[in-house]
Amino acid sequence: MFIRFRLKLVAALLAVSLAGAALAQNLVVYNAGSSELIEDTIAAFNAAHPNINVTVVSAGVGQHTTRIEAESANPQGDVFFGASVESFEAIIQYFDAYQTAN
């Protein structure tokens, strides 16, 4: 089950990053999860997309929430990783919806 969860996270990173990949070759990930999980996830992402530079900013959920709210007029992060559903729901208004091509 953990591997399935990790694969879903990698797919989510791919989907989000590919939406903006044509415009930029940088991806900023706000990480509130474990360092091991994000390192493994980014390694898998980098293997599939070696031309996209990934910067990981690790901090607690509260710090990222404050940062995302403060940056709302000019967002700096592309992906928020490792927080609970409740944490995402509290700041959902700062995220753009992603629609797949198919």
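Only the coordinates and a few stated rules stand behind these numbers; no lab work does. This is a predicted model, so every value here is computed, not measured. Virtual Cβ from ideal backbone geometry, glycine too; neighbours counted across all protein chains shown.
If I stretch the segment between TYR98 and SER58 completely, what's the gain in nm (0.36 nm per residue apart, minus their alpha carbon distance), one decimal?
Fully extending the segment from TYR98 to SER58 adds 12.1 nm.
Using a simple spin-label model with points 7 Å from Cα along the Cα→Cβ vector, what separation in nm is obtained for ALA48 and ALA90?
In this crude spin-label approximation the distance works out to 3.0 nm.
Name the long-range amide H neighbours of VAL56: under 5 Å, sequence gap of 5 or more, or other chain; modelled H, no Pro or chain starts.
HN-HN under 5 Å from VAL56: VAL29.
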